Amino acid sequence: MTQLVHEKLHQVEGILKELDIDCWLTFVRETTDAGDPVLPLILDHPLTWQSALILTQSGERIAIVGKYEDEAVRSSGAWSKVLTYVQSIKEPLCNELNRLQPKEVALNYSLNDVKADGLTFGLFELLKQHLSETPFASRFLSAEKIIGTLRGRKSPGEIQRVRRAIATTEEIFLDLTRYARPGHTEIDIHGHLHDAAARRHVGLAWEAALCPSVTTGPGSMAGHGFPSDQLCVSEGNIFHIDYGVRRDGYCSDLQRSWYVPRTGETRPPESVQKGFDTVRRAILAAAEVLQPGVEGWTVDAAARRVVIEAGYPEYQHATGHQVGRACHDGGGVLGPQWERYGQTPFFPIEEGNIFTLELGVDLEGRGYLGLEEMVLVTKKGIEWLSSPQESLPLLPV
């Protein structure tokens, strides 16, 4: 992953100039247990003792780390200055900030973006103690915009990895259609998709107990629920999967739906087809609006309008989120102006962002019908990264 770290660090200098922030400080310790979400973007191995990673608008990359970890940091070739300490980080940290004299020091805390909120309260208090005899303890500001921009503007290497994760997921979905049949329980399907990932030597995009989400009808747990060992793929119901893999450190997140026909049915019933058509039209409406400079809530509103005007209840989640190193990659969301999303629906969309477009409808007596696609934001709109589901297939019985 070292090449990706170089790509991301190269982006930082320009982002700091763009935002006119002269110093960004990432302060961590014991990162295998409580790692900052941004750390893998700027350093490709864990840190043990208190460590300070300082990036500046002028292009300096300063790592202050404990003895026995300095050589590993130097070996990456990504950091222009590596300082080491044994007893206390306070002196080298204060010395570097006194030399740099930053007008402000951006720290990794955020009210809005969980991926920019990696600085623990304890470390924040410790940092204030270290800097108590300097003016810098009164110059802190949130690094939210730095981190959101850095995570969101995918580098060429990141985009390539996401493409591969999507391709693997679509291959697994194709394999699933040869396996899933009426009578298979949700637990059966869940295990099959775990095995499919393991055979391809890839991980899962989120917690194994919840990835995939499997729904087989109206009795299934909604959203991020656990699969049942009683509920089965059943005729007359919707069979729906929410699934993603992690390949080369990057994730996919896709949803697919099938109709399980009753004896004699050669196409989905009219009510089921209407549900699918509505979901697809809503996703296409979102895709039409999605482009650089637009705020995420407007994309959500375009999709939400289609669903409501078709007579379905308003869905209770955002229309899309960013994907990258994490399935939910932080930054702006394609979401409504609800308090739960903070300011994230107002973050402007940027070229290089990778988003999901996802929503669904509950069909009475048949279950949840949902779709989720992945797109790359380009200069003038979007590129479909996944192969959009254009029709509702019948699952063989």
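Of the residues making up segment 293-327, those that are in a helix (DSSP H, G or I), in contact with a Pro (Cβ under 8 Å, 6 or more places away or on another chain), of a type in the set (D, E, K, R) and open to solvent by 20 Å² or more (accessible area, probe 1.4 Å) number 0.
The helices (runs of 4 or more DSSP H) found wholly in segment 1-92 and carrying at least 2 residues that are within 28 Å of His328 (Cα to Cα) occupy 2-19, 31-34, 39-42.
Residues of segment 92-109 include at least one that is touching a residue at least 60 places away in the same chain (Cβ under 8 Å) and acidic (Asp, Glu). Scanning segment 267-292 for residues that are open to solvent by 10 Å² or more (accessible area, probe 1.4 Å), more than 17 Å from Gly381 (Cβ to Cβ) and touching a residue at least 60 places away in the same chain (Cβ under 8 Å) yields a count of 5. Going through segment 204-231 one residue at a time, which ones are open to solvent by less than 30 Å² (accessible area, probe 1.4 Å) and either out of contact with any Phe, Trp or Tyr (no Cβ under 9 Å at 6 or more places or on another chain) or hydroxyl-bearing (Ser, Thr, Tyr) (or both)? Matches in segment 204-231: Ser213, Thr215, Thr216, Ser220, Gly225, Pro227, Ser228. Taken over segment 39-66, the criterion of being closer than 16 Å to Ile21 by Cβ and open to solvent by 10 Å² or more (accessible area, probe 1.4 Å) is satisfied by Gln57, Ser58, Gly59, Glu60, Arg61.
What tally of residues in segment 107-133 results from selecting those that are more than 20 Å from His45 (Cα to Cα) and touching a helix residue (DSSP H, G or I) at 6+ places or on another chain (Cβ under 6 Å)? Number satisfying all stated conditions: 6. Looking only at residues in segment 152-176 that are free of Cβ contacts under 8 Å to residues at least 60 places away in the same chain and closer than 28 Å to Leu9 by Cβ, the one that is surrounded by the most Cβ atoms within 10 Å (Cβ to Cβ) is Ala167. Scanning segment 103-144 for residues that are closer than 17 Å to Gly324 by Cβ and not in a loop (DSSP other than H, G, I, E, B) yields a total of 4. Pairing each residue of segment 235-249 that is of a type in the set (Ser, Thr, Tyr) with any residue that is open to solvent by less than 20 Å² (accessible area, probe 1.4 Å), provided the two are 6+ apart or on different chains, yields C-beta distances under 7 Å for Tyr243/Thr169; Tyr243/Leu193; Tyr243/Cys211; Tyr243/Pro212; Tyr243/Leu254. Can you pull out every residue in segment 360-376 that is among the acidic types (Asp, Glu) and assigned to a loop (DSSP other than H, G, I, E, B)? Glu364, the sole residue that qualifies.
The values are calculated or read from the model by the stated rules, or taken from the named source; none is laboratory data. Predicted, not measured: the structure shown is a model, and the values here were computed from it. Cβ coordinates were reconstructed from backbone atoms using ideal geometry, including for glycine residues, and neighbour counts include every protein chain displayed. When the accessible area is computed, the model is the full protein with side chains, heavy atoms only, and any ligands, DNA or RNA have been set aside. Shrake-Rupley method; radii C 1.70, N 1.55, O 1.52, S 1.80 Å.
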